[in-house]
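Notes follow the structure.
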Amino acid sequence: MNNFNLIWMPAYAGMTRIVFKVKKLLCQRRLASRRKSQLSCQRRLASRRKSQLSCQRRLVSRRKSQLSCQRRLASRINKLFFLFLTLFITSTLYAKIPITIIPDYNTTQYDQQLDKYIQQLNKIKDPLQREIKASSFFLEKPYYLFPNGEGKTGKYDKAPLYRTDKFDCLTYVSMIIALTQSQDLESFKQHEKDLDYKNGQVSFITRNHFTSTDYDINNQRAGFIKDITDSIVDDKGKIIAKTAITDIDKPTWVKNLPASRINLFKYPGNKKAKALLDSLHALSTQVSKETANVRYIPMTQLFNSSGEANLRLFKQIPPGTIIEIVRTDWQGVQDLGTDIDISHLGIVVPSMQGAQFREASSVYNKVTDVPLIGYLRGYLPDPTVIGINLQQINLETLFPCVSKDNGKLDISPKIS
């Protein structure tokens, strides 16, 4: 037994050491494998972290790109905004005020024509024929709104005080009245001033701008014309005229005057043009609101419901009468800042075809004749046209020998 132990104990011990070493080696290998797995996991985690960091960097880069784009867009928008703001300010400060630039003129040619016309008129003894002849001188002349002004020395309107080349309805009638009542060129010039300006004082603010409250009233007081509307009566001898009452708001009208009403020979520069327009608007303090009371023959008296003319009334209108179209609640003047009651005027002239209305017409764009009854009948569909006012040149002032009855107007029933 002892021998057995002596023989196998060392072997057993050796085997034990081998087994222990093998176990230790296996443990070491398992540990190494675990460490490799851990390292592999760590590498995968590190790789994932790198991917996440890369994604985060790309997101940051994209955000930076977006911010950069937003900044560039904001910069462009700001630049465009300031560009438009600059253009607006520049256009406001430096854009031309749209005043009217008119060519320079020489009134010598007008004076020569007028002197010739006056010489022809002085050969006519009958004052009515004198008026009709004076009106015929300008037939076919072009229509032009606001052709006259205060002359070359005028502050706001340097258009000529009078002219023979173009007219609007009021300047045409003024020309006829002035020629009819003038014996020479100098008296014509004074008559033109007296007709177109209150008390003959030439300035923009004293001009007879409104027919009812300025032109008619001032020239009736001066003795140039008289209102004969009440001379028209019905078959019982009763006056048929009515009164149109209109508020003329001159201050607001002056404040609303456009820059185009300023007529100059050359542009004075933005600053001076703006100051001139402001000073024109400031003239509103020199005028006041007025109420116009205009007598008129109603359209319902002149025509029946079928549009047939009342010839008995028309025959009472003397030749040479100035007819004014009377309106109420006219929407065509909203931009003026005030209502107006007289929209047009012309004179009645006899002819072989019956009474004609001689006018400076914006429709035909010239001075022309149209049948009186047909012309007035054309207003029947317009509810704002309520009738006509009648003015007559006061020929007795110039020709005391003239009878107050200048004859009646021959109107044939065939006129339409």
- Task: Just give me the residues in the range 351-388 being of a type outside the set (Phe, Trp, Tyr), surrounded by fewer than 17 Cβ atoms within 10 Å (Cβ to Cβ) and assigned to a loop (DSSP other than H, G, I, E, B), in sequence order.
- Result: Ser351, Met352, Gln353, Ser362, Val363, Asn365, Gly378, Leu380, Pro381, Asp382, Pro383, Thr384
- Scanning the range 287-322 for residues that are of a type in the set (S, T, N, Q) and closer than 26 Å to Ile176 by Cβ, the one surrounded by the most Cβ atoms within 10 Å (Cβ to Cβ) turns out to be Thr321
- Message: Given the options Asp214, Asp165, name the one that is under 27 Å from Asp369 (Cα atoms), among the charged types (D, E, K, R) and assigned to a loop (DSSP other than H, G, I, E, B).
- Response: Asp165
- Message: Among the numbered criteria (1) assigned to a loop (DSSP other than H, G, I, E, B); (2) farther than 21 Å from Lys155 by Cα, which one does Ser203 miss?
- Response: (2)
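Values in this text are rule-based calculations from the coordinates and carry no lab data. Note that this is a predicted model, so its numbers are computed, not measured. So basically every Cβ, Gly included, is an ideal-geometry build from the backbone, and we count neighbours across all protein chains shown.
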